[in-house]
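Below is one structure, written out as structure tokens, with a few remarks after it.
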Amino acid sequence: MKFSIIIPLYNKASHIRQTLGSALAQTCRDFEVIVIDDGSRDGGAEIVAAYTDSRLRLIRQANAGVAAARNRGIAAAQGEWVCFLDADDWLHPQYLSGLHTMITVSPETDAVASRFRPVDEAWEPLEWDLPDPSYTQIDDLPTRWMQGIPFFTGSIAIRRERLLGMQPCFPVGESHGEDLDLWFRLAELTPIVLLEQALTAYRTSVSGSLSSQHDAKPAPYLQRMRKRALARQPSDPVRHSMLRFVAQQHITLARLHAAAGRRLDAMKLLLETLASGWHIRRWWITLLMTTTLPGSWIQRWQTQREQQKVPA
């Protein structure tokens, strides 16, 4: 079997039919779908259980979090390649076919991905026109991520053998950055081949989604990433990009603290990244804002920059 699609399910009954429909409608037919019900209480698991498609498996477990659910799916997978799909997202019918092409083009890689399309909660599934396929190879993921997010959890496939050697792939008990932790660790081991076609839809504002629940604290994976970076040789360019990525995330969080009036928390984050952030323009701008501007001004300024899509 070529692909295993792992879907963690927790209280997403309103979306699971659409999500499963998109997975089962793939033009590439060599796949299985594994739904890990993580203790849902809204009838979503019963919806999945009613399907009779032999390619679909339902595994139930007591609620243990999305990381534990994905790890269990990896252990149960039979495919050569493992894909992840959240229970409120959607796959274009050509998704697996596109990834299969990338695997053929770059047989040496252990990870392939596609672009994605952000959609809101009211979005209805539909197909869209695709540009001619092209691909890029990502050798320095931290730098590439800072230029713009190239893929997300629902648009990447990883060779199962590689994942089994990294288990537990997702840090259990974490629900903010647990996927980024895996992507960055993975990118330190293998290049990631990116298909420049948006072949998945990512719901950005689903009520109760994990991405909407984190607060303004550094995600645990950032500290682990910083530790791995410092273990590299000082001359290693990837060390620099890793430390710069961590610094940028701390700067963003420092602005959130400053906008909320938590100036001491903002200063603490800036000082923690002084060694790797002092040469970054955003670091100095954030320091100036934190020490001189009212929080309401910072919030207004940041909102305007985001609306204009101007980095600062």
| For the stretch 103-112, does any single residue satisfy the condition of being modelled with pLDDT of 95 or more and surrounded by 23 or more Cβ atoms within 10 Å (Cβ to Cβ)? | yes
| Is there any pair with a first residue in the stretch 74-100 that is assigned by TED's automatic domain parsing to the domain that holds residue 19 and over 23 Å from residue 131 (Cα atoms) and a second that is β-branched (Val, Ile, Thr) and modelled with pLDDT under 95 whose Cβ atoms are under 8 Å apart and which are 6 or more apart or on different chains, and what are they? | 88/206
| Is there a residue in the stretch 205-214 that is surrounded by 14 or more Cβ atoms within 10 Å (Cβ to Cβ), assigned to a loop (DSSP other than H, G, I, E, B), of a type outside the set (A, V, I, L, M) and modelled with pLDDT under 90? | yes
| said: Restricting to the stretch 150-164, give me the number of residues that are farther than 9 Å from residue 110 by Cβ, of a type in the set (A, V, I, L, M) and in contact with a Phe, Trp or Tyr (Cβ under 8 Å, 6 or more places away or on another chain). | reply: 2
| note | Only one of 239, 232 is assigned to a loop (DSSP other than H, G, I, E, B), free of Cβ contacts under 8 Å to residues at least 12 places away in the same chain and either in contact with a Ser or Thr (Cβ under 9 Å, 6 or more places away or on another chain) or surrounded by 14 or more Cβ atoms within 10 Å (Cβ to Cβ) (or both), namely 232
| Lone qualifier among 5, 16, 47 - being of a type in the set (Val, Ile, Thr) and within 20 Å of residue 71 (Cβ to Cβ) | 5
| Looking at residue 226, is it charged (D, E, K, R), in a helix (DSSP H, G or I) and either touching a Leu at 6+ places or on another chain (Cβ under 7 Å) or in the same structural domain as residue 148 (by TED's automatic domain parsing) (or both)? | yes
| task | Would you point out the residue of the stretch 14-69, among those that are of a type in the set (Val, Ile, Thr) and assigned to a loop (DSSP other than H, G, I, E, B), that is surrounded by the most Cβ atoms within 10 Å (Cβ to Cβ)? | result | 27
| said: Could you check the stretch 143-179 and list, in sequence order, the residues that are part of a helix (DSSP H, G or I) and either in contact with a Ser or Thr (Cβ under 7 Å, 6 or more places away or on another chain) or modelled with pLDDT of 95 or more (or both)? | reply: 143, 144, 145, 153, 154, 155, 160, 161, 162, 163, 164, 179
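The values are calculated or read from the model by the stated rules, or taken from the named source; none is laboratory data. Computed from a predicted structure; not experimentally measured. All Cβ positions, even for glycine, are placed from backbone atoms using ideal geometry, and neighbour counts span all protein chains on display.
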